[in-house]
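For reference, the structure is listed below as structure tokens.
What follows draws every value from the coordinates through simple rules; no lab data is involved. Remember, it's a predicted structure, so these values are computed and weren't measured experimentally. Quick reminder, even Gly has a Cβ in these numbers, built from the backbone with ideal geometry, and neighbours come from all protein chains shown.
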Amino acid sequence: MNKMTNTFALVAITAAISTMSFAHDMKDGSGMKPMEMSEPMRIEMCQKMHEGMTADQCREMQKKMMGMHNHSEHQHDDGVNKAGKPGIAANVTRTIHITMSDKNRFTPNSIKVKQGETIRFVVKNAGKKKHEMVIGSVEDIKAHNELMERFPGMEHDEPNMVDLQSGEKGEIIWQFTEVGQFQFACLVTGHFEAGMKGVINVVKAPAKTKPKSQSPEDHSTHQH
């Protein structure tokens, strides 16, 4: 399900992280999950996978990822869950087409949706370089980008993103459950800093007005 690369395997030694925080539920050769392993065991696993990686470097990376895990377990106002949740295809209300280019731009780069809408994003990479689209809160996109800068080879495959090679098309189905301003961005190394990001404004859906009920006609005064 998730792609296996050496760098991604390093990330897998940390806690299983929630959906928007790039969840990975992987086990080592003994069948143990990372959270079931002691710190020395995790560091040993890290160093086996990455020659030259010091214990301190492994420990620092673990703390970084564990911090993301702890954050994702709680519903903070600025938490990653505020961006919404994976949508169900049968509930899609409309489709929005997004194009990515080698100018490090999305077209369009500003989207307006209503709270509760389930959107199908059809994303095309019109460039010759690899690009991706990741949906999240402003804070989470920033944190994820910082992580990608530190570990540029890390592969990730989550419901809130699509990763495309040149000429490829992909889809994200996402339900926006909260009102607010969110982002979509390309987190391939250097692309976010070059301006490859967009804004999603989620507005409150207008309240449905009930038709006025007509009172029964009073015939008491009619002369027959």
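Strictly over 29 Å apart at the Cα level, which of Lys130/Lys204; Lys103/Lys204; Lys114/Lys142; Lys103/Lys169; Lys142/Lys208; Lys112/Lys169 would you flag in this model?
Details: Lys130/Lys204 35 Å; Lys103/Lys204 33 Å; Lys114/Lys142 24 Å; Lys103/Lys169 18 Å; Lys142/Lys208 36 Å; Lys112/Lys169 22 Å.
Beyond 29 Å between Cα atoms: Lys130/Lys204; Lys103/Lys204; Lys142/Lys208.
The calculated FRET efficiency for the pair Asn201 and Asp56, based on their C-beta separation and a Förster distance of 41 Å, comes to about 0.45. For the pair Ala126 and Glu146, a Förster radius of 25 Å applied to the C-beta separation gives a FRET efficiency near 0.35, rounded to the nearest 0.05.
Using a cutoff of 8 angstrom between alpha carbon atoms and counting only pairs six or more residues apart, the relative contact order for region 85-188 works out to 38 percent.
From the Cα gyration tensor of region 81-203, with a ≥ b ≥ c the square roots of its eigenvalues, which class applies: rounded if a/c is under 1.5, or else prolate if a/b is larger than b/c, or else oblate? It comes out prolate by the Cα gyration axes. Computed from label points 7 Å out along Cα-Cβ, the spacing between Glu139 and Glu178 is 0.8 nm.
The simple spin-label model puts a point 7 Å past each Cα toward its Cβ; for Ile88 and Glu168 those points are separated by 2.9 nm.
With the simple model of a label 7 Å out from the Cα in the direction of the Cβ, Glu193 to Lys103 spans 2.2 nm.
How would you rank Thr54, Thr118, going from fewest to most other Cβ atoms within 10 Å of each one's own Cβ? Kindly include the intermediate steps, with their values, before the conclusion.
Numbers: Thr54 12, Thr118 21.
Ordered by Cβ neighbours within 10 Å, fewest first: Thr54, Thr118.
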